[in-house]
Amino acid sequence: MCGRMKGPTYAIATTLGLGDRLPAPGTFAGSLPASLLWLLIAAALGGSPWFVTVTTVLITASTIGGIWSADAEIERRRTGDPGPVVIDEVAGQWVTFVCAQSLWPIDDFAHLVVFVGAGFLLFRLFDIVKPWPVGRLEKLPGGFGVVADDLAAGVLAGIALALVRPWLGWAVDIASRLV
């Protein structure tokens, strides 16, 4: 890294520095915290009309802030897609949940836990494997390319999440016994 000062772009891009401190930062500093935060918000606001508004604001802010902060971190670190930049995983993870939530009724906390867990795993799969068009979007320049591939992975994971719902009844049964 060069000697330029870290600032708000660093904090946003790395989710308060977690991207520089944790192994597998896309998973443990980006997607996992995003999933846990979404789980808390969904548990608190799930039946409220504010839920969609809050989720939309979070996705918009993480996307716009992600492009801006990723651009700054690319310049500061002098590399194409810095691994510690994980705000893109945050935005993509939330897109996964938004794409699937209208097709997956969340009746209770057990359904919510399975929904978030399956969504987390599917997003990580699509983000790592990068099927078309995800891999192609990653090649776009700057912060836009850093964020765009994760948004596309989120859409694909959301579609997959909605499609696998009928086969996850066993997981809901287990979760309802545990929570």
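Summary of values
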item: Residue in the range 129-144 that is farther than 24 Å from residue 41 by Cβ, aliphatic (A, V, I, L, M) and buried (at least 23 other Cβ atoms within 10 Å of the Cβ) present; result: yes
item: Wholly enclosed helices (runs of 4 or more DSSP H) of the range 30-147 bearing at least 3 residues touching an Asp or Glu at 6+ places or on another chain (Cβ under 8 Å), at pLDDT 95 or above and among the polar types (S, T, N, Q); result: none
item: Positions within the range 150-173 being over 11 Å from the mean Cα position of the chain (by Cα) and charged (D, E, K, R), in sequence order; result: 165, 173
item: Residue within the range 118-128 that is surrounded by fewer than 18 Cβ atoms within 10 Å (Cβ to Cβ) and more than 25 Å from residue 174 (Cα to Cα) present; result: yes
item: Residues satisfying the stated conditions in the range 11-20, i.e. outside any loop (DSSP other than H, G, I, E, B) and either over 18 Å from the mean Cα position of the chain (by Cα) or of a type in the set (Gly, Ala, Ser) (or both); result: 11, 13, 19
item: Of residues in the range 145-179 being of a type outside the set (A, V, I, L, M) and closer than 20 Å to residue 56 by Cβ, the one surrounded by the most Cβ atoms within 10 Å (Cβ to Cβ); result: 150
item: Matching residues, the range 153-173, being closer than 20 Å to residue 14 by Cα and out of contact with any Ser or Thr (no Cβ under 6 Å at 6 or more places or on another chain); result: 153
item: Residue pairs meeting the criteria (Cβ under 8 Å; at least 6 apart or on separate chains; first free of Cβ contacts under 8 Å to residues at least 40 places away in the same chain and crowded, with 17+ Cβ neighbours inside 10 Å, in the range 18-42; second among the small types (Gly, Ala, Ser) and assigned to a helix (DSSP H, G or I)); result: 22/29
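Per-residue answers, yes or no, for (1) in contact with a Lys or Arg (Cβ under 9 Å, 6 or more places away or on another chain); (2) more than 25 Å from residue 179 (Cα to Cα); (3) of a type in the set (Phe, Trp, Tyr); (4) without any contact (Cβ under 8 Å) to a residue 24 or more places away in the chain:
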| site | (1), (2), (3), (4) |
| --- | --- |
| 60 | no, yes, no, yes |
| 64 | no, yes, no, yes |
| 75 | yes, yes, no, yes |
| 78 | no, yes, no, no |
| 96 | no, no, no, no |
| 135 | no, yes, no, yes |
| 138 | yes, yes, no, no |
| 156 | no, yes, no, no |
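The values are calculated or read from the model by the stated rules, or taken from the named source; none is laboratory data. All of these numbers come straight from a predicted model, not from anything done at the bench. Don't worry about glycine lacking a Cβ; one is built from the backbone with ideal geometry, like all the others, and counts go over all protein chains shown.
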